[in-house]
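The values are calculated or read from the model by the stated rules, or taken from the named source; none is laboratory data. Quick caveat, the model's predicted, so the values are computed rather than measured. As a convention, Cβ positions derive from the backbone with ideal geometry for all residues, glycine included, and neighbour counts pool all protein chains shown. These accessible areas exclude ligands, DNA and RNA; they are computed on the full protein's heavy atoms, side chains included. Shrake-Rupley method; radii C 1.70, N 1.55, O 1.52, S 1.80 Å.
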Amino acid sequence: MLDPRLIKESAAELRTRLGSRAESIDWDSLVKREQERRTLLTKVEELRSQRRTVSDQIAKLKRDKQPADTLVEEMRLVGDRIKQLEDNLRESEEQLNAIALSIPNIPHPTVPVGKDASDNVEIRRWGELPDFQFPPKPHWDIGEALGILDFDRAAKITGARFAVYSGAGAQMERALINYMLDLHTQEHGHREVLPPFLVNRTSMIATGQLPKFEEDLFRLKDEDYFLIPTGEVPLTNLHREENLNEQALPLRYAAYTPCFRREAGSYGKDTRGLIRQHQFNKVELVTFSRPETSYEELERLTAKAEEVLKRLKLAYRVISLCTGDLGFSAAKTYDIEVWLPSQRLFREVSSCSNFESFQARRASIRYKRHDGKSDFVHTLNGSGLAVGRTFVAILENYQQADGSVIIPEVLRPYMAGMERIRK
């Protein structure tokens, strides 16, 4: 959530700054509701002042043993009027808050201006693209031929957009999770957390998934709980409604979680394979930072996610998302995209974002400065990495002419020394 004062006092300026990111916002209703709120608040304060003054008069009359019944009745009516206006004020503020929760974050000045993904800007590349002496196969063909991926049985068990990993496939998925966690906790200084995979509505609102993205979420039928779409949600909510100590910042966490997404807006996209699943594994990195250092933390976070791919020796590039492709809650985002030979293009394997104080305001996460004043922290998160998509990249980049797949060296200790997956 943005600063309420900015929303209430500078709606026109905010509308201009957000541009196409906020086309769906009912700005006219926002201005109207704010005017109503101010009018109601003024009336309530005037009546409260009147009631205090007359109450003093009533008290004086009673001390002097003078009749005060008329004034008492008048104040009863004033009290009723105040209650009615307070109810109207509460309703107006709730409506204002509902609009405020739907307003996206303001892009950082360094974010490229653009309409959609075609206007994203490539920042850097790393690694050499593999040169195959045979037509590279897509990961689903490789996995099914090796007997390590089974989409048909997953569809029988559950439905479309699910997968069964087995044998060396299940082992490599687990190896990737452990490798990423070990790297981020032992070398990158993140504290490992194993959070709940179900969260309440307040947690979803705090990180910006609600109310905007409810159709993309899986919700329990009998409880107002949601399956997490990303580990960012429980990790960020670790410190909801807390006042942190400045000396403790930055706080850096890492967590493995399964993630669950309905992919409601992706009909017809990536219908085969592991790229767009309803359930997938991810190792998530979340940082709580002082505002002054949050953009240094964003660069650091991105570099830590990149390091996973460097050690796996997978070619990738880093993209700065433009204003038209930026996520709802983010002020700035880098996407890390890994090379997939079968598609001859780069595909996202991590998004690293600085949300500035946007999530912290929604979640009420503050810190106490050295001068004693309280301020909102800045929150950041990044995938370190999406495990399934990294699995895809390994199958495709390390495939061999005989159908086998070489296991990257850094993963072999996690796979009992296995060097190659064969049929």
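Taking the options Ile365, Ile336, Ile406, name whichever one is over 22 Å from the mean Cα position of the chain (by Cα), modelled with pLDDT of 95 or more and not polar (S, T, N, Q).
Just a single option satisfies the conditions, and that option is Ile406.
Scan segment 346-358 and report the pairs whose first residue is open to solvent by 30 Å² or more (accessible area, probe 1.4 Å) and whose second residue is basic (Lys, Arg) and at pLDDT 95 or above, with Cβ atoms within less than 8 Å and a gap of 6+ or a chain change.
That search, which allows pairs on different chains as well, returns Arg347/Arg389; Glu348/Arg389.
Can you tell me how many residues in segment 365-410 are more than 30 Å from Leu312 (Cα to Cα) and open to solvent by 40 Å² or more (accessible area, probe 1.4 Å)?
Total meeting the criteria: 9.
Suppose we keep only residues that are among the small types (Gly, Ala, Ser) and within 27 Å of Lys368 (Cβ to Cβ) within segment 243-292. Which one would you say is most open to solvent (accessible area, probe 1.4 Å)?
Restricting to residues being among the small types (Gly, Ala, Ser) and within 27 Å of Lys368 (Cβ to Cβ), the top hit is Ala248.
Assuming Arg412 fulfils every condition listed in (1) within 22 Å of Pro138 (Cα to Cα); (2) without any contact (Cβ under 8 Å) to a residue 12 or more places away in the chain; (3) among the charged types (D, E, K, R) apart from one, which condition is it?
Arg412 satisfies all of (1) within 22 Å of Pro138 (Cα to Cα); (2) without any contact (Cβ under 8 Å) to a residue 12 or more places away in the chain; (3) among the charged types (D, E, K, R) except (1).
Pick from Glu187, Glu232: which is under 30 Å from Leu340 (Cα atoms), more than 14 Å from the chain's Cα centre (by Cα) and among the charged types (D, E, K, R)?
Of Glu187, Glu232, the one residue that is under 30 Å from Leu340 (Cα atoms), more than 14 Å from the chain's Cα centre (by Cα) and among the charged types (D, E, K, R) is Glu187.
For segment 305-358, list the strands (runs of 3 or more DSSP E) that sit wholly inside it and hold at least 2 residues that are within 22 Å of Thr293 (Cα to Cα) and in contact with a Cys (Cβ under 8 Å, 6 or more places away or on another chain); which are they?
332-340
Quick check on Leu298: is it in contact (Cβ under 8 Å) with a residue 24 or more places away in the chain, farther than 26 Å from Asn397 by Cβ, part of a helix (DSSP H, G or I) and of a type outside the set (Asp, Glu)?
When the stated conditions are applied, Leu298 passes them.
How many of the residues in segment 9-37 are closer than 20 Å to Pro109 by Cβ and open to solvent by less than 60 Å² (accessible area, probe 1.4 Å)?
Number of matching residues: 6.
Please find, among Lys156, Lys221, the residue that is surrounded by fewer than 14 Cβ atoms within 10 Å (Cβ to Cβ), of a type in the set (Lys, Arg) and under 27 Å from the mean Cα position of the chain (by Cα).
Lys221
Restricting to helices (runs of 4 or more DSSP H) lying wholly in segment 126-234: which have 1 or more residues that are closer than 30 Å to Ala100 by Cα?
201-207
Here are Leu6, Leu89, Leu40: which of them is surrounded by fewer than 16 Cβ atoms within 10 Å (Cβ to Cβ), in contact with a helix residue (DSSP H, G or I) (Cβ under 7 Å, 6 or more places away or on another chain) and within 30 Å of Ala206 (Cβ to Cβ)?
Leu6
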